[in-house]
Amino acid sequence: MTAHHLILVRHAQAAHELFGSQDRERPLTAQGELDAQTLGEKLAGVGIDFSSANLWHSTARRTTQTTQAIACHLPQSCIVHGLDALYDLDLYGILELVRETPQTVRTLVIIGHNPAIAETCRHLASDAIDGPIARELMKGYEPGTAALFTVVSDWAGLSPNTATLGTVLHP
């Protein structure tokens, strides 16, 4: 079986919510825009084949902007898809979403929100908690952070036993 790649990204730094505004409409800050570009450059250089990757993101403004910045550094053949549900999904919802991913998808990038993204990463890395990369992940999951996992099962079999944390990228 060919390994899959799962990359879980927390959106880059967003502006604070203003009184009377909608949380979904919060944009990236100038630093967040820079960080998202840097993260896109770093992802492009990790040695993963992104030619047919799927980038799924929450439809909140900050995650859409983060996704756009990342996507401009990846092949144009990547499939970018906004999912309203990603705004509210928790750890279990994200796991279920990934487990339902079509087998034709070899690389899946999910750009979402905390605490769900961090909780999902910590859950999947729980078998490697003693490793230095996993210990770094347990310290915090700042905006613009990405965790790269190799999954040695089909998507339906995703678990801490089948996912190996390869690296954690910061902008």
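Report, by residue number, each residue of the stretch 1-51 that is open to solvent by 60 Å² or more (accessible area, probe 1.4 Å), farther than 18 Å from Ile117 by Cα, of a type outside the set (A, V, I, L, M) and not in a helix (DSSP H, G or I).
Matches in the stretch 1-51: Thr2, His16, Glu17, Phe19, Gly20, Gln22, Gly45, Gly47, Asp49.
If you take the residues in the stretch 69-86 that are more than 13 Å from the chain's Cα centre (by Cα) and in a helix (DSSP H, G or I), which one is surrounded by the fewest Cβ atoms within 10 Å (Cβ to Cβ)?
Ranking the candidates gives Asp84 first.
Can you name the residue in the stretch 52-68 that is open to solvent by 50 Å² or more (accessible area, probe 1.4 Å) and either among the hydroxyl-bearing types (Ser, Thr, Tyr) or assigned to a loop (DSSP other than H, G, I, E, B) (or both) and, of all such residues, is modelled with the highest pLDDT?
Thr59
Of all residues in the stretch 91-118, which are charged (D, E, K, R) and open to solvent by less than 80 Å² (accessible area, probe 1.4 Å)?
Arg99, Arg106 - these are the residues of the stretch 91-118 that are charged (D, E, K, R) and open to solvent by less than 80 Å² (accessible area, probe 1.4 Å).
Is there any pair with a first residue in the stretch 84-96 that is more than 21 Å from Gln22 (Cβ to Cβ) and a second that is surrounded by fewer than 17 Cβ atoms within 10 Å (Cβ to Cβ) and of a type in the set (A, V, I, L, M, F, W, C) whose Cβ atoms are under 6 Å apart and which are 6 or more apart or on different chains, and what are they?
Within 6 Å, no pair qualifies.
Among the residues of the stretch 87-120, write down those that are assigned to a helix (DSSP H, G or I) and β-branched (Val, Ile, Thr).
Ile94, Val98, Ile117, Thr120
The values are calculated or read from the model by the stated rules, or taken from the named source; none is laboratory data. This one's a predicted model, so the numbers in the text were calculated from it and none came from an experiment. A quick note on method: Cβ atoms are made from the backbone with ideal geometry, for glycine too, and the neighbour counts reach across all protein chains shown. These accessible areas exclude ligands, DNA and RNA; they are computed on the full protein's heavy atoms, side chains included. Shrake-Rupley method; radii C 1.70, N 1.55, O 1.52, S 1.80 Å.
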